[in-house]
Ligand SMILES: [Zn+2]
Ligand SMILES: [Zn+2]
């Protein structure tokens with residue numbers, strides 16, 4: 001208890017403006033269910049960028065959130081979650097559950113304060129900016145479960161590709177990585193691989209060409225069209241994985257202190273235009289915004 005009620009106090013947020021481009025504005029204190037928490041940092045994700053110009057003006061993006069609870073705990077917020085009981089959830093396809101799209105971070109992570117449906121406490125050794133990696137890492141851990149072990153090629157070695165590389169190396173795989181930007185590429189494959197994961201648009205052809213007969217291609221991005229003939233003739237397995245589940249969030253938070261991951265470029269909300277430019281031009285591997 002104690003302290004003034006926060007109602008009617010405007011919340012500074014990055015919202016989609018009338019032309020669709022994100023800009024700084026005040027929004028109403030978030031209402032409704034969920035716990036009111038103070039945002040400390042929020043990662044800018046490729047999936048946020050895809051919503052610019054698509055979501056309506058006034059929308060607040062951001063789902064890779066570290067926040068402080070009213071009782072002073074630092075937490076990573078759980079993004080969407082399935083119901084846990086329907087046939088899709090039980091089959092491991094939580095992100096296709098009918099309840100999955102329900103809002104869990106209101107209005108969105110790029111706001112000073114949000115209402116959160118669920119969260120997990122962060123270890124003290126993980127700082128606020130690195131804590132925002134919990135959500136994308138959870139998505140990657142879930143995707144990695146669909147990849148056979150052994151020689152694995154990462155196609156698109158940006159931030160998500162690096163997360164895959166770190167996770168796969170930790171489990172003992174022989175990891176290769178290619179990228180259309182030469183400066184981002186990792187070790188080039190020296191022969192066919194057992195599996196390839198597509199982390200960037202347009203990478204499906206590269207992945208299909210790289211895997212051995214009977215191999216697996218994991219689509220972790222909307223990767224363009226997948227050529228049917230080699231999938232058929234070489235009996236490839238093509239699987240998709242999108243988003244995370246609460247179980248993978250728990251695993252990600254526990255794993256974060258152990259992984260060597262790229263450093264974020266941290267900018268205040270005020271510099272959102274610069275953040276978008278950096279993201280679009282490949283000038284930063286990962287951008288984290290802070291209120
Ligand atoms: Zn994301
Ligand atoms: Zn469900």
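Which shape class, rounded, prolate or oblate, goes with segment 58-168 when its Cα gyration tensor gives a ≥ b ≥ c as root eigenvalues, a/c under 1.5 marks rounded, and past that a/b bigger than b/c marks prolate? Oblate, since a/c reaches 1.5 and b/c is not below a/b.
Seen against the Cα atoms of the chain and their longest principal axis, helix 134-144 is set at about 20 degrees. Report the residue, chosen from 161, 203, 92, that carries the largest GNM mean-square fluctuation when the chain is represented by alpha-carbon nodes joined by springs under 10 Å. The residue with the greatest mean-square fluctuation here is 92. To test your reading of the geometry: what angle, between 0 and 90 degrees and rounded to tens, separates the Cα axis of helix 159-170 from the longest principal axis of the chain? The angle comes out near 60 degrees. As a proxy for reagent exposure, ranking 83, 97 by other Cβ atoms within 10 Å from fewest up yields 83, 97. If the chain linking residue 270 and residue 73 were pulled fully straight, counting 0.36 nm for each residue of separation and taking away their Cα-Cα distance, it would gain 68.4 nm. Axis of helix 246-255 versus longest Cα principal axis of the chain: the two differ by about 80°, to the nearest ten degrees.
For the chain, a/c is not less than 1.5, where a ≥ b ≥ c are the root eigenvalues of the C-alpha gyration tensor, and a/b tops b/c. That puts it in the prolate class. In percent, rounded to a whole number, the relative contact order of segment 172-291 is 15, using alpha-carbon pairs under 8 Å and six or more apart.
Relative contact order of segment 40-140, taken over Cα pairs closer than 8 Å and 6 or more residues apart, is 33 percent.
Subtracting the Cα-Cα distance of residue 260 and residue 209 from 0.36 nm times their residue separation leaves 15.4 nm of extension gain.
Helical content alone sets the calculated 222 nm signal of the chain at -6000 deg cm²/dmol, taking -39,500 (n - 2.57) per DSSP H segment of four or more residues and averaging over every residue.
Note on residue 225 and residue 277: the model spin-label points, each 7 Å out from Cα along the C-beta direction, lie 3.8 nm apart.
Listed from fewest to most Cβ neighbours within 10 Å, the set 12, 113 follows the order 12, 113. Going from the residue with the fewest nearby Cβ atoms within 10 Å to the one with the most, 135, 68, 251 rank 68, 251, 135. When the chain is treated as a GNM with alpha-carbon contacts under 10 Å, the residue of 25, 221, 91 showing the greatest mean-square fluctuation is 91. Looking at the chain alone, DSSP beta bridges between its own residues are antiparallel in about 55 percent of cases.
Relative contact order of the chain, please, whole-number percent, based on alpha carbon pairs below 8 angstrom and at least 6 residues apart. Here the relative contact order equals 19 percent.
Stretched out straight at 0.36 nm per residue, the stretch from residue 91 to residue 35 would grow longer than its current Cα-Cα span by 17.2 nm.
Each value in this text was obtained by applying a stated rule to the coordinates, not by laboratory testing. Small disclaimer: the values here were computed from a predicted structure and weren't measured. With ideal geometry, Cβ positions are generated from the backbone for all residues, glycine too; neighbour counts draw on all protein chains shown.
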